[in-house]
């Protein structure tokens, strides 16, 4: 059910309860209740609440045209995000329809259940990567442990995807329709460009590296927008909401899509995370001081034991490898 239809049905129910419905409204409400068992059950539930009639008497005069215009204006102001969609809509309905929270929430909940939004999800597990082409001909490389999601009408009315993990984007140009990457607190908007985004849930920061073109960054909790230029890297701290931009060698952050890992003066804490995602292994660090050691190396298609030997030689870190009982991460490594 569309939101405007939900409002109409809520108003019809209100008029039904107070005995002020017209013949046409009565017939439309009857057709709706007979269209499915879920509608009939919802109708029963709403009309059985005596307090609704009392609430309706207090909001007897409702200008539906003005209410709908006000609702649309609120939509523009709030720019509703998907994760807050249900509750913001329910709150708006409460004020603009004036028939009480029970009808507003119940109608909207039913409409969400009856008409689910269709999404396409593409995922990789740790230890694998993938390359896909979107309907608008944009290309995405997914690193290990990554998931992207986009609606089935992608490129028709929108070019927005959500990202959990790391991905490299080559975006097809469309000046009329920006390409948006939603990173749970940070939005990346582009028209056509090449860039890398790292948004792993267990990382403190969201990182964006721009190779070509231009991107605009919009932190959810800030009104300020940031423009990124080629050769720059932005780091957005989830906790402090601070965003910093600096010049970098972009190849260091994009070479993974070619099977190459580049570490330049990185802490072992970061190295461990990347190795776990890259090789699908579990690494247990027994000595916390190991995390602060610095590691520099370029790795191309080596197996995990060769990498561990390199770490042992350059950082004096010992290790052992055992088979794990966890089928999702079959190899467990201990560093000490």
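The values are calculated or read from the model by the stated rules, or taken from the named source; none is laboratory data. All values reported here derive from a predicted model rather than from experimental measurement. Note that we place each Cβ from the backbone using ideal geometry, even for glycine, and neighbour counts take in every protein chain shown.
Observations
- Only one of 134, 191, 210 that is farther than 30 Å from residue 276 by Cα and in contact with a strand residue (DSSP E or B) (Cβ under 8 Å, 6 or more places away or on another chain): 191
- Residue 196 assigned by TED's automatic domain parsing to the domain that holds residue 236, touching a strand residue (DSSP E or B) at 6+ places or on another chain (Cβ under 9 Å) and either free of Cβ contacts under 8 Å to residues at least 40 places away in the same chain or buried (at least 20 other Cβ atoms within 10 Å of the Cβ) (or both): yes
- The one condition in (1) out of contact with any strand residue (DSSP E or B) (no Cβ under 6 Å at 6 or more places or on another chain); (2) surrounded by 14 or more Cβ atoms within 10 Å (Cβ to Cβ); (3) touching a residue at least 40 places away in the same chain (Cβ under 8 Å) that residue 250 fails to fulfil: (1)
- Output for segment 231-243, where each listed residue is buried (at least 16 other Cβ atoms within 10 Å of the Cβ) and modelled with pLDDT of 95 or more: 232, 233, 234, 235, 236, 243
- A single member of 286, 246 is modelled with pLDDT of 95 or more, assigned by TED's automatic domain parsing to the domain that holds residue 131 and more than 20 Å from residue 163 (Cα to Cα), and it is 246.
- Within segment 219-230, the set of residues being at pLDDT below 95 and surrounded by fewer than 17 Cβ atoms within 10 Å (Cβ to Cβ) comprises 220, 221, 222, 223, 224, 225.
- All positions within segment 166-181 that are surrounded by fewer than 21 Cβ atoms within 10 Å (Cβ to Cβ) and either touching a residue at least 12 places away in the same chain (Cβ under 8 Å) or under 10 Å from the mean Cα position of the chain (by Cα) (or both): 170, 172, 173, 174, 175, 177, 178, 180
- Sole exception among (1) within 24 Å of residue 271 (Cβ to Cβ); (2) in a loop (DSSP other than H, G, I, E, B); (3) over 17 Å from the mean Cα position of the chain (by Cα) for residue 202, by number: (3)
- Residue in segment 303-321 that is surrounded by the most Cβ atoms within 10 Å (Cβ to Cβ), counting only those that are in contact with a strand residue (DSSP E or B) (Cβ under 9 Å, 6 or more places away or on another chain) and part of a loop (DSSP other than H, G, I, E, B): 317
- Within segment 236-271, the set of residues being on the phi > 0 side of the Ramachandran plot and either part of a strand (DSSP E or B) or touching a helix residue (DSSP H, G or I) at 6+ places or on another chain (Cβ under 6 Å) (or both) comprises 265 only.
- Scanning segment 283-302 for residues that are over 14 Å from residue 261 (Cα atoms) and either assigned to a helix (DSSP H, G or I) or out of contact with any helix residue (DSSP H, G or I) (no Cβ under 7 Å at 6 or more places or on another chain) (or both) yields 284, 286, 287, 288, 289, 290, 291, 292, 294.
- Considering 173, 187, 233, the condition of being in the same structural domain as residue 149 (by TED's automatic domain parsing), on the phi < 0 side of the Ramachandran plot and assigned to a loop (DSSP other than H, G, I, E, B) is satisfied by 173 alone.
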